[in-house]
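A quick write-up on the structure given underneath.
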Amino acid sequence: MSAANPTAPPQTIQTQRPGVPFGRLVAVELRKMFDTRSGFWLVASSLIISVIAAVIVILVVPDESLSYEIFGAAFGTPLALLLPIIAALAVTSEWSQRSGLVTFSLAPNRAAVIGAKAAASIIVAVVAIVFALVIGALGNVVGAAINGIDPVWDLDATQLVYLLIGNILGLLIGFMLGVLLRNSAAAVVGYLVYSFVLPGVLAILAGLQEWFRDLQPWIDFGYAQQPLFDGSDLGGEQLAQLGTSGLIWFVIPMALGLWAVLRAEVK
């Protein structure tokens, strides 16, 4: 109490501190992706493979088949495989490497941390895809010049946007599995099963069972995403199929994973 005013209430000590800004969290997550040797080379390898793919296309593909779409398919395949793994590892690092106690002590708002990881993963994906598109364009020009033909630009702006959206959706699948499983090895294996085993099983089921053939576009998320990579126009039915299958295979598992992450005990 103050000596001049003995009835004055004791002064309280301010213990609250402002939260960590979201932009700073995103910057930290981006730095964490490149700080480790494995993270750096995983991101770098996706870009290096795109360059190698462009060179292989120039050397192998016949002149009459050389086009920007061929380059897009060449560099799109490795990116579609590696980017979701990068996103999954960005989420599972706190749980597999037991650094979650430090992370969530410094930034107690787990939802903000998970959101920052998602934003950082999408930023890396967009930069990598744009880089690959530029390399593909350069490869198309150089390849046409080497072979003495005119470059063929058979991908318009809408198709490029579809490719970007398709790759981001694939990345978010890996992110969702990381949130749901919270283990690096399990998330990587889960993504491989999700992307390569499950579509084959559903395709076999559609081939053998006529009743499932019409339901496949509404249930198989990978099948519903094919128009994004084929350059087809997305109509109302295709968007509805993408939304319905995405609700089953992405939205609901992501919601369950977020619920578990926000309540799981950190050790």
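Values quoted throughout were computed directly from the atomic coordinates according to the rules given, and no laboratory measurement underlies them. Because the structure is a prediction, the values reported are computed rather than measured. Methodologically, a virtual Cβ is constructed for each residue, glycine included, from the backbone with ideal geometry; neighbour enumeration extends over all protein chains shown.
Here the extension length gained between ALA185 and PHE22 equals 55.8 nm, from 0.36 nm per residue of separation less the Cα-Cα distance. Each of LEU138, GLY190, GLY170 was scored by the projection of its Cα onto the charge dipole of region 67-219, and the greatest displacement toward the positive side belongs to GLY190; charges sit on the C-beta of Lys, Arg, Asp and Glu. What's the whole-number percent of alpha carbon pairs in region 46-135 lying beyond 19 angstrom? That fraction is 51 percent. Distance between the pseudo-spin-label points of VAL51 and VAL102 (7 Å out from Cα toward the beta carbon): 3.2 nm.
The dipole here belongs to the chain: it is taken about the Cα centre, uses +1 on the Cβ of Lys and Arg and -1 on the Cβ of Asp and Glu, and is about 1820 debye. In terms of packing, defined here as the mean over residues of other Cβ atoms within 10 angstrom, the peptides 143-154, 40-51 line up highest first as 40-51, 143-154.
Under the membrane-span-like helix rule (DSSP H runs whose alpha carbons stretch at least 20 Å along the helix axis, mean Kyte-Doolittle hydropathy -1.0 or higher), the chain yields 37-60, 68-96, 110-147, 157-181. Kirkwood hydrodynamic radius computed over the chain comes to 21.0 Å, based on all pairs of distinct alpha carbons. Using the rule -39500 (n - 2.57) for each DSSP H run of four or more residues, divided by the residues of the chain, the 222 nm mean residue ellipticity is -24500 deg cm²/dmol. Under 5 Å from the amide H of ASP154 lie the amide H atoms of TYR68, GLU69, each residue being 5 or more positions distant or on a separate chain, with H modelled from the backbone and absent for Pro and chain starts.
Of the three principal axes defined by the Cα atoms of region 20-95, the extents in descending order read 55, 23, 16 Å. What the Cβ-Cβ distance of ASN109 and ASN147 gives, at R0 = 51 Å and to the nearest 0.05, is a FRET efficiency of 0.35. Under 5 Å between amide hydrogens, built in the peptide plane, is the criterion, and for VAL61 it picks out nothing among residues at least 5 positions away or on other chains. Residues whose amide H comes within less than 5 Å of that of ASN109, counting only those at least five positions distant or on another chain, are absent (H built at 1.01 Å from N in the peptide plane). Would you please state the base-10 log of I(q)/I(0) at q = 0.20 1/Å for region 129-242, with intensities from the Debye formula using one equal scatterer on every alpha carbon? Relative scattering, expressed as log10 I(q)/I(0), comes to -1.11.
Compared with the alpha-carbon gap, the fully stretched path from PHE196 to ARG37 is longer by 54.5 nm at 0.36 nm per residue.
With R₀ set to 35 Å, the beta-carbon distance separating LEU215 from VAL126 gives a calculated FRET efficiency near 0.55.
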